[in-house]
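The values are calculated or read from the model by the stated rules, or taken from the named source; none is laboratory data. Keep in mind the model is a prediction, meaning the values are calculated, not measured. Don't worry about glycine lacking a Cβ; one is built from the backbone with ideal geometry, like all the others, and counts go over all protein chains shown.
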Amino acid sequence: MTSTVTKLGTITERHFLKNFNNFGLADVILRGISAEGYTTPTPIQCEVIPAIMARKDVLGIAQTGTGKTAAFVLPLLHEHNAAAARPRSKYCRTLILTPTRELASQIAANVAAYGQFTETSVVEIVGGVKPGPQIRALNKGADIVVATPGRLEDHVRTGALKLDQVTSIVLDEADQMLDLGFAPAIRRIMSKLPKGRQTILLSATMPKLIRKLAQDFLKDPVEISVTPESKPIERIEQSILGVEIIAKRDALVSYLSDNKIERAIIFTRTKRGADKVTKFLCSSGHAANAIHGNKSQGQRERALSAFKGGSSRILVATDIAARGIDVDNISHVINFDLPEVAEVYVHRIGRTARAGKSGIALSLCTPPEYGLLKAIEKLIGNKIETEDRTTDGLSAAVVQKPGAKPSNSNSKPKSNNRKRRNGGQHAAQQTPGNKPSSHRNRKPGKPGTATRSDTPNSGLERMLKKTGKRPDARSF
Ligand code: AMP
């Protein structure tokens, strides 16, 4: 594989000298770009637009927030605009595959916006909605189809869409597609495409399986690696609030009440967890909607548009929403549960601090999640400011032998009947000065500040007595 590797860390002068006019894009597309308010191409656009215009395959490591969508959409729009003939009924020319319905909608909306002065047609093919309107749209032929793999395969199976005239395929957020188990579907779809097509593979990370996919399907690709110009993470005020499991929901409500929240996404690890948190928030006076894979497409769309439109300022989501949501003015990302994969943390908090703004990311962390916190800190190369309100300290996750007497909440941990998780790592040192600013002025005794010692007859104590174990964080 011969490749050109561009590391963004070294943004060269030529990136700044570049201007959308230099790419040779048609005037109608330049008008679309300027209607969107873009004046300067981002680094990934500087690299990817010329490569796609030259009909090269592209392997790009790029996260959302880098301007990657426009990087592949603009040159593809240019090509469709220049094409003499319209696509035939049931055929498409460009196929864009994405992991989630939300991302597919967003890309289709971007195509429509950038191509607003062209005749280019775009059809969105996602699951969870009736297939009829999609079949009718495909019947007219489409320049660009933006799809999630499952529903796309349904249409290919029934003959509503034929793939043998595809000239370009984009695999966007390829790593998330693999995470969601789409690898076999992707391989089946790729096998139906003409050999001479152009393949563009974009992924936020480059695990071995993505490399393998690239080796199998890309020919002599231009390889591009970029991270956002100003890593959003640097503009995000991150903090950790260490709490006992039973105090989690109250801590969340207390935080939402005490802070000025413009728009917040709250991430949970499970769909059930998202529903439970949403219910709890609503019953505590914080109107919220949930978005996750068990919701119907209609519910997902309504939740997202209420959030985007501002009628609901809190969205509770599983990781399905971590990459696909591009909503401005999300002031807060709250991790109700820490993600099991550290990289996901970066994607989640990247929902805030978009478009040059700053943002706040608060993560609740219980003792059983301490190992996940350590993995995140290792990945981002920084210790995150931590306010530890747990009784024994975050690192002192207790696994007591069944039948053992639960420790007195006021006593210090006894090392002989406690096992430290994570090989005995120590909690982040807490000094009075390093508390996250948003928690500094909290008055004692407020909801959410309760710790085990405040609530000796708490559910946790009862559970410890009964089982000798702490409940798993997932049960929330
Ligand atoms: P993406 O990485 O495609 O999700 O894009 C992230 C955000 O950057 C989106 O809100 C785009 O509208 C915006 N964007 C993309 N390209 C540019 C550009 N050249 N100038 C300003 N904003 C851009």
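Here are the numbers:
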item: Of all residues making up region 33-53, the number that are over 17 Å from Leu202 (Cβ atoms) and either crowded, with 24+ Cβ neighbours inside 10 Å or in contact with a helix residue (DSSP H, G or I) (Cβ under 9 Å, 6 or more places away or on another chain) (or both); result: 7
item: Complete set of residues in region 119-140 that are buried (at least 20 other Cβ atoms within 10 Å of the Cβ) and more than 16 Å from Gln297 (Cα to Cα); result: Thr120, Ser121, Val122, Val123, Leu138
item: Members of region 252-275 that are crowded, with 19+ Cβ neighbours inside 10 Å, within 22 Å of Val346 (Cβ to Cβ) and not hydroxyl-bearing (Ser, Thr, Tyr); result: Leu252, Arg263, Ala264, Ile265, Ile266, Phe267, Arg269, Gly273, Ala274
item: Cβ-Cβ under 8 Å pairs, at least 6 apart or on other chains, region 56-80 side on the phi > 0 side of the Ramachandran plot, far side near the ligand (Cβ under 7 Å from one of its atoms) and not in a loop (DSSP other than H, G, I, E, B); result: Gly67/Gln45
item: Checklist (1) more than 16 Å from the ligand (Cβ to nearest atom); (2) without any contact (Cβ under 8 Å) to a residue 40 or more places away in the chain applied to Tyr91, failing item; result: (2)
item: Within region 157-173, tally of residues that are modelled with pLDDT of 95 or more and under 24 Å from Thr69 (Cβ atoms); result: 10
item: Any hit, region 108-121, residues being in the same structural domain as Asn22 (by TED's automatic domain parsing) and in contact with a His (Cβ under 6 Å, 6 or more places away or on another chain); result: yes
item: Pro41 vs. criteria within 16 Å of the ligand (Cβ to nearest atom), in the same structural domain as Arg188 (by TED's automatic domain parsing) and more than 27 Å from Arg351 (Cα to Cα); result: no
item: Check on Leu97, surrounded by 24 or more Cβ atoms within 10 Å (Cβ to Cβ) and away from the ligand (no atom under 14 Å from the Cβ); result: yes
item: Unique residue being closer than 17 Å to Ser105 by Cα and at pLDDT 90 or above when the list is Ile320, Ile291; result: Ile291
item: Filter result for Asp179 (out of contact with any His (no Cβ under 8 Å at 6 or more places or on another chain) and at pLDDT below 95); result: yes
item: Of residues in region 109-125 being free of Cβ contacts under 8 Å to residues at least 40 places away in the same chain and within 16 Å of the ligand (Cβ to nearest atom), the one farthest from Tyr38 (Cα to Cα); result: Val122
item: Evaluation of Lys357 against (1) within 16 Å of the ligand (Cβ to nearest atom); (2) part of a loop (DSSP other than H, G, I, E, B); (3) at pLDDT 85 or above (one fails), failing number; result: (3)
item: Members of region 49-84 found to be more than 27 Å from the chain's Cα centre (by Cα), of a type in the set (A, V, I, L, M, F, W, C) and either within 14 Å of the ligand (Cβ to nearest atom) or outside any loop (DSSP other than H, G, I, E, B) (or both), listed by number; result: Met53, Ala82
